[in-house]
Every structure is written in structure tokens, then in C-alpha cells.
Amino acid sequence: MAATSRSLDLSRILDTLPVGVWVARVPTGEVAYANRESREILGMDAVEGATIHEAASTYGVFDLDGRPYPVEGLPFSRALAAGGPVAVDDMVIHRPDGVHVNIRAFAYPVWSEAAEPTHVVVAFIDITAEKRAEAARKQTESRLAFAVDHAPIVIWSADRHGVVTLSQGAGLASLGCQSSELVGQNLFELYAGHPSIPGFLRRALTGESFAYTVQAGEAVYETWVTSMKDPSGQVTGITALSHDVTALRKLQASAIQNDRVIALGTLAASVAHEINNPLSYMLGHLNLLSQSVDRLEQATRAPVAPSRAEVFDLVTDIRESLEPVRGGTERVAAITRELRTFSHPAAEAAVVDVQAAVASVLKLVGKELESRAEVILDLQKTSPVAGSSARLVQVVLNLVVNAMQALPSGPSHANRIWIRTADHGDVVVIEVADNGAGVRPEHRERIFEPFQTTKEIGEGSGLGLFVCRNIVNAWSGQVTVDERPGGGARFRVELPAAREAESTRSPESDSAPPPPPAPGHVMIVDDDPRVARILCVQLEAAGYRVTVEPEAGQALEHLADGRDRIDLVYCDLMMKGLSGMDLADALAARAPSRLDRVVFMTGGAFTPRAREFREAHARRCVEKPFDVVADASQRLDARASG
């Protein structure tokens, strides 16, 4: 009776456990006991008389791949084979109600006093939720690994000494590296010569979290970095996410360049008007000059010598015709300079005069502006800004053209465009407003996205405002749009004032007369005889000895043999046959010491090679037209003093 009571108590206890308990007899595997939880997990009662060889089919035991579980792999069989406890967690029960349950089982052999196994106790639990969580984790890890290995990002970390402990991601490709390749390298040593990376690392290792943009070689990365700390709060290293934006920056640069090309088309009509007007009166006065010269020639050949008064009158007529020709030529040259400023690739950051940029835009589109609207200017003197003159002209031009296109067709006196510049504390403000239809609030951010335009087809490219925001953001500024008081749109550019107020001055802007020329021998290499002739005349009049070569091949032989000293060479960049670029390459190979004496003249670099050459040799290039005497004097004096 006592034994029966103890058995009932044990059975009751086992039925309360959240673990399935299954006791099988050795050697057949027939069930000797099964508790309540085992029936819940299996979805059925134990089947009396079913042997171990029938267990898989009787209770629906399968492996993870859906195959019937092998008898020798069952916990009962493994425990007997091992002679001790075993664990199995790759079994799936296909219950009669259609539910599949993952289980983890632990089997223990029970021994008799004669050391013979009599039973095997199997305890098992439902791990379906755990398996699902593990599968979800693996899927998440797989997706994350796929993203990291394919997206242009780098996840990296380093210890407090700067040694890389993690380096993973497709964004490493722009550095010529693969995932994990940088692990073990010291970033302070790897980028010892970089102007900013060591400083960023030191900031992060002090516990600071921040974002920065950095260029390493040709690659550009936007990075968020933060410190890692131990439980005591001590910094143990840094971790960061870097986004490879190299392709994006190239796309932005391409969009900016494409926008300039599109804008040049917009400028064509206005520029044509600005050039054709002076050309008209220049041609007229040149005809008068020709007539005056004919009259002077006739007078000098007449049997009776002309009187002093007649000669004076003819000379006065010639002088009066020369002045408009000179003025018109200077006006055309000024327009071409403004176009070059706009169309050239941006130079390195410099101090830019905001009012001068606005003035350039007004010169380029002034006539078209006058035909479309009344222009109201409020150009207060402002601080300079740090940037590029060409880029700032592009920003203002896009805003002005955008304002013109926003105005309705009709009489110009009904339309208004306001252009304003001012200082607001440490910020320089440029505003361009119009009294057109304005920009609806829901469109005020979208219009700065690429290829977004509210204009009619053919009225805009959808790049102008996108380019404006990219340029302004790159200078730590911002461009916004709101409603102009009284109606219409108002675009506002805010740029930080430059810390250094020194303005850069180009040689042509210097009003001081050039110093007296030092004696020297100058060579002119140009396949346009009219250009070569006028340069020769100007230099000879200033006291220089001049040699003219119409072909770069002849000039190369003259320069390479070194028999005749040439102090300075002015060579056209774009010529038939051997170009100025070819001459530079040949001189670098045959007489490199003479290459630094060559100045390259250009009226426009039309090929990619010419543009790249001009950018690489900016200090040794001059734009036609230019003052050859002043330029030669400055270069020779600089060489003598250097």
C-alpha cells in the first residue's frame, strides 16, 4: 500500500512538470510511463506495445528536412549506445492535428543492480518558438550580411590605439580593399599623412559622437562615429558606419556641369544681343576707318601736299573711329570673360565677392531680364564668402532664370523681379524674388530634387534648383523658398561669411601699369598668323626680341636644340597637327628644363584632353585676349626674383 501511494505521488508530481517525461523499456523501447506534458507535446497518448522500431511512424517523428527519423538516431537508441546521457534537438513531431512541434530531448539510461540497462528515461521540451526565433535571426543576419556586402557602406571599429577590429562592407571597394582586409592595421599609421582623419579619430576616442565627411584618395565617405565604453565608462574604442558617396559626388558634379551647359543655352539669346550690338557699331566704324585711311593715302599721293589742317582732320576722324572700336572690343572681351567664369570648372575654394557674382549674372542676362520684367535691385555691400566665383554665378543665374520662367507672359511692366544682397550677422544673404504664381507649400522641398519641375515642357530641366542646393550645401549654407510678401516666390540663399576678408585679384584686374620690361627673347607659337602678328608687334614695341613659329613641330626643334636662348614661349593650346599639349609632352621628354618657360594660350578648350590639361596647368595658361606685354613682364620678373 505504501509503495502504491509513493507511485501515485511520483506520477502526480511528474504530471505537474512542464517537461515531457517518457520511460521506455530496454531492449524493445515499449512505453512504461508517459506523463501529461508528453501527451500534450506529442498530441496523442502513448501506444501500448509499440516498439522502438515503430516509434518514428507511430508518433510522427521526423528530422529537420522532413524525413522519417532513423531509429538509431532516436534518444532511446543513442543513450543505450553511449551508455550515458545524450541530448538531441533536431527532431520534429508531426502531430495528428497537423501541428509540427520542434523538440529537444535528453535521454538517461537506468541501470539494474547487475549493471544492466533496464529502462531509458527521455525528458523533452517544445522548442518550436526557439527554432522560429533562431530562423528569424539567421534570416535577419543573412539580410544584413547581404546589405553590408552589397550596399556602399562600411561598418568598422577600432580599439583605443586605433587598431582596426572590424572592417566589413562593400564600401571598402573604393579604397581597393575587401571586407576584413583592414583588420589589424593601425588607422593612425595608415592615414598618418591625411589632413583630417587622425584628428577625427582622436575626437572620437575622447568620447565624442559626431558625423563627418572625408576624402581618402578618390573615395569620399560620409561617416557617423561614436565611442565604445566599458561598464566603468572608460573609452575602449570606437565604432562607425561610413557611407561611400563617391559615385553620388561624381553624379552631383556631373549634374552641376550639365546644368551649366543647359544654362549656356538659356544665355545664348541675351549674350548674342550683348555681342551683336558692339559688333554692329565696330563694323560701322571700321568701314569709316577704312575710308579715312583711303582719304589719307590719296592726300599723301596728291601732287599738292595736304595742309596741316587737312591731315589733322583726317587723323581726328581716324581717332574718333578707333575709340568705339576699342570700347566695343573691350565690351565683347568682358562678355567672353563672364562666360568663361561661368563655364569653367570650379577652382579651389577662394574668397568670392557676392556683389561681383550678381553683377556677372546681370551682364549675362540683363537684356532678357529687361524684356521680361522690371528688375528691382537692393545690393548692399556684403562680406565675402568662401567658395568658387563660377559656382556662385551659377547659383545666382539659376535663381534669376527660375524667377523669369515663373513670370506670366505679357507686358514686362506688370512683372517684377527683386534681387537683394545683405549681411545678417555672420551670414551673407542673397534673395531672388518674383511676383509670379509662387510655390505651393507641399512643393517647396520637392522642387530641390533632381528633375522635379513645375514648369511647362521645354521651360526647365529640373536640375537648376537641385544644383543650387548642392553647391550651397557644400559651402555649409542653405537655400530655401517661401512666399514673397505680396505674392510670388522668394528664394533665399544663406552662406557663412568668409573668415579671411582678403580678396583674390587676377592679373587683368590690376589697374597698376606694368613695370618696364626686362630684356628678353620671346617665342610666339600660333597657327593663326593674325594672332601671332599682333602679339609680335606688341612685344617688339615693348623692347622684346620676338621669334614667331607657325607650327609646334618647328618650335620643338628650336627649343630642344638649345642653341638660341628663349626666355619665354607663348604657345597656342589648340593647333592643327602638333598641339600645344603635344609640344608639352615632347619637351618633357627631350628638354624638361625648358618646359617651365612655356605659357599656353587658349581661346577655349573644347576637348576633354584640353580641359584636363588646362586644369592641371592653370598657372601656365592664359585666356585670349590678354595683355601679352604685362603678362610677359610679370613672368620674367617672377623668374628673375625667384
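The values are calculated or read from the model by the stated rules, or taken from the named source; none is laboratory data. For clarity, every value in this text was computed on a predicted model and none was experimentally measured. Note: ideal-geometry Cβ built from the backbone for every residue, glycine included; neighbour counts use all protein chains shown.
Would you confirm, using the coordinates I've provided, whether PRO85 is of a type outside the set (Phe, Trp, Tyr), crowded, with 20+ Cβ neighbours inside 10 Å and under 13 Å from VAL122 (Cα atoms)? For PRO85, the condition - of a type outside the set (Phe, Trp, Tyr), crowded, with 20+ Cβ neighbours inside 10 Å and under 13 Å from VAL122 (Cα atoms) - is not met. For first residues located in the stretch 18-41 and under 20 Å from ILE127 (Cα atoms), partners that are acidic (Asp, Glu) and in a loop (DSSP other than H, G, I, E, B) and lie 6+ apart or on another chain with Cβ distances below 6 Å form the pairs ARG39/ASP45. State whether the residues of the stretch 62-69 include one that is more than 18 Å from LYS131 (Cβ to Cβ) and outside any helix (DSSP H, G or I). Yes: one or more hits.
Of the listed requirements (1) touching a residue at least 24 places away in the same chain (Cβ under 8 Å); (2) more than 27 Å from VAL26 (Cβ to Cβ); (3) in a strand (DSSP E or B), SER167 misses just one: (1). What residue, among those in the stretch 292-337 that are polar (S, T, N, Q) and surrounded by 13 or more Cβ atoms within 10 Å (Cβ to Cβ), is modelled with the lowest pLDDT? Here the residue is THR336.
Every residue, every condition in (1) more than 25 Å from VAL629 (Cα to Cα); (2) at pLDDT 85 or above, yes or no:
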site: GLY543; (1), (2): no, yes
site: ASP561; (1), (2): yes, no
site: LEU568; (1), (2): no, yes
site: LEU573; (1), (2): no, yes
site: SER579; (1), (2): no, yes
site: PRO592; (1), (2): yes, yes
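You will find that of VAL99, VAL110, the residue that is modelled with pLDDT of 90 or more, over 30 Å from ALA82 (Cβ atoms) and not assigned by TED's automatic domain parsing to the domain that holds VAL220 is VAL99 and no other. Out of curiosity, is ALA82 modelled with pLDDT under 85 and of a type in the set (Gly, Ala, Ser)? Taking the combined requirement at face value, the residue does not satisfy it.
Considering the stretch 191-213, the residues that are in a helix (DSSP H, G or I) and surrounded by fewer than 16 Cβ atoms within 10 Å (Cβ to Cβ) include one that is nearest to the chain's Cα centre (by Cα), namely GLY199. When you scan the stretch 604-615, do you find a residue that is over 35 Å from the mean Cα position of the chain (by Cα) and either closer than 19 Å to GLY520 by Cβ or among the polar types (S, T, N, Q) (or both), even just one? Scanning the stretch 604-615, I find no residue that is over 35 Å from the mean Cα position of the chain (by Cα) and either closer than 19 Å to GLY520 by Cβ or among the polar types (S, T, N, Q) (or both), so the answer is no.
Could you tell me whether ARG440 is at pLDDT 80 or above, crowded, with 17+ Cβ neighbours inside 10 Å and among the charged types (D, E, K, R)? Taking the combined requirement at face value, the residue does not satisfy it. Only a single item in (1) of a type in the set (Ser, Thr, Tyr); (2) loosely packed, with under 12 Cβ neighbours inside 10 Å; (3) in a strand (DSSP E or B) is not met by TYR33, and it is number (2).
Considered as a group, the residues in the stretch 601-623 that are touching a strand residue (DSSP E or B) at 6+ places or on another chain (Cβ under 8 Å) and in a loop (DSSP other than H, G, I, E, B) include one that is surrounded by the fewest Cβ atoms within 10 Å (Cβ to Cβ), and that residue is GLY603. In this structure, ARG137 qualifies as assigned to a helix (DSSP H, G or I), among the charged types (D, E, K, R) and surrounded by fewer than 18 Cβ atoms within 10 Å (Cβ to Cβ).
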